[in-house]
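Read-outs throughout are calculated quantities, based only on the coordinates presented, and are distinct from any laboratory measurement. On a predicted model such as this, the values are computed, not experimentally measured, just so you know. Here the Cβ positions follow ideal geometry from the backbone for every residue, glycine too, while neighbour counts run over all protein chains shown.
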Amino acid sequence: MKPFRVRELSITDSEALLAFEIQNREWFESHIDARDPAFYTLTGVAEHIECYLSDFAIGAWHPFVIESDNGEIVGRANLKSIDSANSTAEVGYRIDQRACGQGLATLALKHLIQEAQMRWGLTQLVAYVYEANIGSKKVLGRCGFLLEPPATSAKAGDERRFVLSI
Ligand SMILES: CC(C)(COP(=O)(O)OP(=O)(O)OC[C@H]1O[C@@H](n2cnc3c(N)ncnc32)[C@H](O)[C@@H]1OP(=O)(O)O)[C@@H](O)C(=O)NCCC(=O)NCCS
């Protein structure tokens with residue numbers, strides 16, 4: 001059996017997801033925007049999951065988790081803001097600090113690309129990354145994403161926009 005698998009987020013993931021997010025809160029906040037403090041409760045996470053799954057039901061979002069062979073959540077990856085009319089979506093991912101450096105983000109992003117293509121028929125994916133996030137930029141480059149020149153990026157500031165044409 002493979003030690004890790006990527007699977008869809010489930011309504012029953014509240015406890016495992018809360019443990020994952022609390023364990024890695026400082027780590028994530030050092031790389032990406034902080035969540036609302038109200039998120040870090042069982043109710044907060046349950047509502048978050050419900051919201052993601054309703055967006056999945058209407059074809060706007062496709063949420064995944066990366067699970068270890070003992071059932072622990074060690075990462076998350078999402079196709080976000082799926083725009084069927086323009087065949088585009090945004091990607092996002094985060095990996096447990098203790099599980100980094102083993103190719104999990106690369107595994108997850110490849111999965112997102114495959115789902116984007118096969119299930120949603122998308123032709124373009126975008127990612128927004130802080131300039132200092134070397135690990136994430138490496139993952140994107142490895143999966144074929146190209147850095148868009150800053151002047152043409154929609155988001156200003158320190159974030160960089162990467163694009164993949166599928
Ligand atoms: C960025 C992140 C997703 C990478 O996850 P990961 O599972 O470690 O990624 P991978 O193992 O697939 O690849 C990461 C690569 O970057 C390299 N890397 C990571 N940090 C690095 C650094 N500071 N300097 C140089 N290389 C670095 C790793 O060595 C690895 O390359 P290698 O396989 O050639 O050794 C993870 O660090 C994370 O969750 N960070 C916090 C949240 C976040 O930044 N999400 C992305 C928002 S855009």
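Annotations for the structure displayed:
- Placing unit charges on each Cβ (+1 for Lys and Arg, -1 for Asp and Glu) gives segment 4-165 a dipole about its Cα centre, and among Gly157, Gly71, Ala19 the Cα reaching farthest toward its positive end belongs to Gly157.
- Student exercise, the chain dipole from Lys, Arg, Asp, Glu Cβ charges, in Debye to nearest 20: 700
- Bridge type composition, the chain - antiparallel percent by DSSP, nearest 5: 90
- The ranking of Leu112, Leu164 from fewest to most other beta carbons within 10 Å of each one's beta carbon is Leu164, Leu112.
- Here the residues Asp158, Asp13, Asp83, ranked from fewest to most Cβ neighbours within 10 Å of their Cβ, fall in the order Asp158, Asp83, Asp13.
- For the chain, calculated [θ]222 nm from helices alone, where every DSSP H run of n ≥ 4 adds -39500 (n - 2.57): -10000 deg cm²/dmol
- Averaging 1/r over every pair of different alpha carbons in segment 4-165 and inverting the result gives a Kirkwood radius of 16.2 Å.
- Relative contact order of the chain, pairs being alpha-carbon contacts under 8 Å that are 6 or more residues apart, as %: 18
- Fewest-first ordering of Val65, Val126 by other beta carbons within 10 Å of each residue's beta carbon gives Val126, Val65.
- Taking segment 1-88 and dividing mean pair separation by its residue count, relative contact order in percent (alpha carbons under 8 Å, at least six apart): 35
- Sequence-distant contacts, meaning Cα pairs under 8 Å at least 6 residues apart, place the relative contact order of segment 69-131 at 36 percent.
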